[in-house]
Protein chains: 2
Amino acid sequence: MNKIRVAVLGFGNVGRCAVDAVLAEPDMELVGIVEVPEVVAKLNPDNRAHQIPRNKPLVSDIGELMPVDVAVLSCQSRAVKATAKSMLERGIRTVDSFDVHQEIPALRRELDAIAKKHNTVSILSAGWDPGIDSVIRGWFQAMAPRGITYTNYGPGLSMGHSVAVRAIPGVKDAISITVPAGMGVHRRMVYVQLKDGASFETVEQLIKKDPYFVKDRTYVFQVEDVSSLMDTGHGVLLERNGVSGITHNQSMKFQLKVNNPALTSQVMVSAARATMKQKPGCYTMIELPVVDFLYGDVDSFVTRFV
Amino acid sequence: MNKIRVAVLGFGNVGRCAVDAVLAEPDMELVGIVEVPEVVAKLNPDNRAHQIPRNKPLVSDIGELMPVDVAVLSCQSRAVKATAKSMLERGIRTVDSFDVHQEIPALRRELDAIAKKHNTVSILSAGWDPGIDSVIRGWFQAMAPRGITYTNYGPGLSMGHSVAVRAIPGVKDAISITVPAGMGVHRRMVYVQLKDGASFETVEQLIKKDPYFVKDRTYVFQVEDVSSLMDTGHGVLLERNGVSGITHNQSMKFQLKVNNPALTSQVMVSAARATMKQKPGCYTMIELPVVDFLYGDVDSFVTRFV
């Protein structure tokens, strides 16, 4: 069997988990990790979670790892567009977990044109939301075409909200936890570590007035050490009550309680397999069959899952 | 827009709901219902759930409804094979909710050859289990490739178990309710109405020794009137704890609480739409993208769901 040659781009929380996931897949070969030297220099050699696997190259240019079948883009959403374009132009398939929901349709069209031009494949927004949850929202719709689907996130760390708090004057470090309050409404639990001389009351007011928080019930707590509160657990509950035909009160739920970077990276790695089975173009997960994401042949899945 | 011309074959619990579902879909036209005259003669004209829609033909041969794009096979599983073959040979796409799990792989291969020969499409086992649950089991696997998925059915009526009890000497009528006991184990609640002179103790022992019941904890109750207990509510809880990469304890759940024939028929009707978008052949739901089941264009779904 020719193994799928996978490179992991980025060695942050998600990239480290992506490396583990690729190594665990029987049909994949980790050809190496691509990361900028400045990030690598900061890795703590005593932290086992930060270690580069033995005998696997760490490079700053993917060109050193060629041929590469798929690049797993374990970078921030803001870097996905440029990185994906650059890979696709070299004929390398890409998967990412781009999560700026409202920008997905335009980015999909843009990457689709580039992928087709270079005869390659991109799977966009292959995480758990967008990604798995998008697919579930689709199946909920297929089961009950009329009704409301609520997406309840958390409890878990919101990266976007945490970054917003850290930008507020007087804040040394902060995290924001998203807590589901039901029916798609959320509250925010914000833990802040202040700079010397900063006023908690002032910081609290600035947070509550910030566009990221102004619409949600927000609680702010002052702590001595934010880093000791860090936990990558997260979750989601999708709920729909809807109508099948003329029959109301069809009730459906989907729930995850997970390590966030581990799930995000595993979905991307499963999607890396799916890139091998598509015609050139860019796809979101709702456009792809689940069987393409799984190791093994279709017949065995029909036997095991159906 | 050319509407998809759909015929419903069978006018039992599922067929009646399928008629409602087709009528509710904006891109479908119900061209008629196919049912044998003996069944139609038994319909109670005062029962609103039994009524044939006005202006819709009820025929005993689908030939009278041609052209038909898709036939929704609302028949018992045992009749699916012959009916699907006959439709496919006429070039009519089919969807069914065939639920004999272990026979699906062989039937898929058989219908695949016939569909390809006649340049048409069949979607096999498009209900909620097999069907939706199969797809969810697949996504669970994609999220956590190692682990155990438990399928917990019910509480709800099991057709197969009910039929098995009715075949026992001394039983006039019966239903069997499947109750989840956790971790994929079930118990059975059986309600029997006896024939005159039959011994409850004897019937109870025969039920508990029946192959359908011998492995499960089974409770048998004697009642005066089984028909007054009939309710088509059902449910399922899929649970998986598994490993993403090297991260254990990734927890995922999927739950339905539904009117069974309404959901089964709605999934078939959504699948009828998906038959229009496939290359010739026979497919199970794990082989198809969710977006093909939905009314509207891909771009709108990327915007709404992803």
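Residue by residue through the stretch B:259-290, note down the ones that are facing chain A (nearest Cβ under 7 Å) and open to solvent by 10 Å² or more (accessible area, probe 1.4 Å). Write out each step before concluding.
Here is the first cut: in the stretch B:259-290, the ones facing chain A (nearest Cβ under 7 Å) are B:259, B:262-263, B:265-267, B:270, B:284, B:286-290.
Selection gives B:Asn259, B:Glu287, B:Pro289.
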Open item on the list: Condition first: in contact (Cβ under 8 Å) with a residue 40 or more places away in the chain and open to solvent by 80 Å² or more (accessible area, probe 1.4 Å). Can you find one or more residues in the stretch B:218-231 that meet it?
Closed with: yes
TODO: Within the stretch A:204-215, identify whether any single residue is open to solvent by 40 Å² or more (accessible area, probe 1.4 Å) and aliphatic (A, V, I, L, M), and answer yes or no.
DONE: yes
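Among B:Val72, B:Val95, B:Val19, which is out of contact with any helix residue (DSSP H, G or I) (no Cβ under 7 Å at 6 or more places or on another chain) and crowded, with 24+ Cβ neighbours inside 10 Å?
On the way: B:Val72 fails: out of contact with any helix residue (DSSP H, G or I) (no Cβ under 7 Å at 6 or more places or on another chain); B:Val95 fails: out of contact with any helix residue (DSSP H, G or I) (no Cβ under 7 Å at 6 or more places or on another chain).
Being out of contact with any helix residue (DSSP H, G or I) (no Cβ under 7 Å at 6 or more places or on another chain) and crowded, with 24+ Cβ neighbours inside 10 Å holds for just one of B:Val72, B:Val95, B:Val19, which is B:Val19.
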Task: Filter result (outside any helix (DSSP H, G or I) and at the interface with chain B (Cβ under 8 Å from one of its Cβ atoms)) within the stretch A:102-130 - done: A:Ser125, A:Trp128, A:Pro130
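If you go through the stretch B:82-91 one residue at a time, do you hit one that is touching a Phe, Trp or Tyr at 6+ places or on another chain (Cβ under 9 Å), charged (D, E, K, R), free of Cβ contacts under 8 Å to residues at least 60 places away in the same chain and over 25 Å from A:Arg273 (Cβ atoms)?
Taking the stretch B:82-91 and keeping what is touching a Phe, Trp or Tyr at 6+ places or on another chain (Cβ under 9 Å), we get B:84.
Then drop every residue that is not charged (D, E, K, R), which leaves none.
The answer is no; no qualifying residue exists.
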Open item on the list: Take the residues in the stretch B:233-258 that are over 21 Å from the mean Cα position of the chain (by Cα), open to solvent by less than 40 Å² (accessible area, probe 1.4 Å) and at the interface with chain A (Cβ under 7 Å from one of its Cβ atoms); name whichever of them is nearest to A:Glu239 (Cα to Cα).
Closed with: B:Met252
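Could you please let me know if B:Arg304 is basic (Lys, Arg), facing another protein chain (nearest Cβ under 10 Å) and more than 29 Å from B:Glu103 (Cβ to Cβ)? Lay out the reasoning, then the answer.
Values: basic (Lys, Arg): yes; facing another protein chain (nearest Cβ under 10 Å): yes; more than 29 Å from B:Glu103 (Cβ to Cβ): yes.
Against the criterion (basic (Lys, Arg), facing another protein chain (nearest Cβ under 10 Å) and more than 29 Å from B:Glu103 (Cβ to Cβ)), B:Arg304 qualifies.
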Task: Evaluation of B:Thr178 against (1) in contact with a Lys or Arg (Cβ under 6 Å, 6 or more places away or on another chain); (2) among the polar types (S, T, N, Q); (3) under 27 Å from B:Lys253 (Cβ atoms) (one fails), failing number - done: (1)
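Regarding the stretch B:151-174, can at least one residue be identified that is closer than 28 Å to A:Leu288 by Cα and either open to solvent by 40 Å² or more (accessible area, probe 1.4 Å) or among the hydrophobic types (A, V, I, L, M, F, W, C) (or both)?
Going residue by residue through the stretch B:151-174, those that are closer than 28 Å to A:Leu288 by Cα are B:151-153.
Narrowing the set further to residues that are either open to solvent by 40 Å² or more (accessible area, probe 1.4 Å) or among the hydrophobic types (A, V, I, L, M, F, W, C) (or both) leaves B:153.
Scanning the stretch B:151-174 turns up at least one residue that is closer than 28 Å to A:Leu288 by Cα and either open to solvent by 40 Å² or more (accessible area, probe 1.4 Å) or among the hydrophobic types (A, V, I, L, M, F, W, C) (or both).
Quick one: in the stretch B:98-117, of everything that is touching a Pro at 6+ places or on another chain (Cβ under 8 Å) and not β-branched (Val, Ile, Thr), which residue is most open to solvent (accessible area, probe 1.4 Å)?
So the first thing to find is which residues in the stretch B:98-117 are touching a Pro at 6+ places or on another chain (Cβ under 8 Å), and the list is B:98-99, B:101, B:104, B:115-116.
Next cut, not β-branched (Val, Ile, Thr) only: B:98-99, B:101, B:115-116.
Numbers: B:Phe98: 7, B:Asp99: 82, B:His101: 60, B:Ala115: 0, B:Lys116: 115 Å².
Once the filter is applied, the top-ranked residue is B:Lys116.
Conditions (1) crowded, with 21+ Cβ neighbours inside 10 Å; (2) touching a Phe, Trp or Tyr at 6+ places or on another chain (Cβ under 9 Å); (3) farther than 23 Å from B:Thr94 by Cβ; (4) of a type in the set (S, T, N, Q), marked per residue:
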site: B:Pro26; (1), (2), (3), (4): no, yes, no, no
site: B:Lys42; (1), (2), (3), (4): no, no, yes, no
site: B:Asp46; (1), (2), (3), (4): no, no, yes, no
site: B:Ala49; (1), (2), (3), (4): no, no, yes, no
site: B:Ser60; (1), (2), (3), (4): no, no, no, yes
site: B:Pro67; (1), (2), (3), (4): no, no, no, no
site: B:Ser77; (1), (2), (3), (4): no, yes, no, yes
site: B:Val80; (1), (2), (3), (4): yes, yes, no, no
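The values are calculated or read from the model by the stated rules, or taken from the named source; none is laboratory data. Bear in mind that the values here come from a model prediction, so they are computed numbers and not experimental data. So basically every Cβ, Gly included, is an ideal-geometry build from the backbone, and we count neighbours across all protein chains shown. The accessibility values were calculated without ligands, DNA or RNA, using every heavy atom of the protein model including side chains. Shrake-Rupley method; radii C 1.70, N 1.55, O 1.52, S 1.80 Å.
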